Amino acid sequence: MKWVYGNFDCSKDSQTVLCAFFDISEQKKLLMSAEQEALIDHSYRVKNRLAVEKKLPDCFARQRLRGP
């Protein structure tokens, strides 16, 4: 998958539209990797508090659907 950033500039005075597109795939890949790394305690190679906090709402929602 490719990630693209578009920048558009429309002038009021003329009928000109300037467009620029940039491939930000590598930056997105690095960002997603950093986000995953932030969820792991590297000392013990287990999920950390942030990872658990992100999962809790889904766990509670599933439990509510199952009932008591």
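The values are calculated or read from the model by the stated rules, or taken from the named source; none is laboratory data. Because the structure is a prediction, the values reported are computed rather than measured. Cβ sites come from the backbone with ideal geometry, for glycine too, and all protein chains shown count toward neighbours. Side chains are part of the model used for accessible areas, which takes the heavy atoms of the whole protein and leaves out ligands, DNA and RNA. Shrake-Rupley method; radii C 1.70, N 1.55, O 1.52, S 1.80 Å.
For segment 50-66, the count of residues that are out of contact with any Gly (no Cβ under 8 Å at 6 or more places or on another chain), free of Cβ contacts under 8 Å to residues at least 12 places away in the same chain and either among the hydroxyl-bearing types (Ser, Thr, Tyr) or assigned to a loop (DSSP other than H, G, I, E, B) (or both) is zero.
Residue 36 - would you say it is open to solvent by less than 100 Å² (accessible area, probe 1.4 Å) and assigned to a helix (DSSP H, G or I)?
Numbers: open to solvent by less than 100 Å² (accessible area, probe 1.4 Å): no; assigned to a helix (DSSP H, G or I): yes.
No: the conditions fail for residue 36.
For segment 9-20, which residues satisfy the criterion of being surrounded by fewer than 10 Cβ atoms within 10 Å (Cβ to Cβ) and at pLDDT below 85?
First pass over segment 9-20, keeping only residues surrounded by fewer than 10 Cβ atoms within 10 Å (Cβ to Cβ): 9, 11-20.
Matches in segment 9-20: 9, 11, 12, 13, 14, 15, 16, 17, 18.
Just to be sure before I move on: is residue 23 surrounded by 10 or more Cβ atoms within 10 Å (Cβ to Cβ) and modelled with pLDDT of 90 or more in the structure I sent? Outline the logic, then answer.
Details: surrounded by 10 or more Cβ atoms within 10 Å (Cβ to Cβ): yes; modelled with pLDDT of 90 or more: yes.
So residue 23 passes the test.
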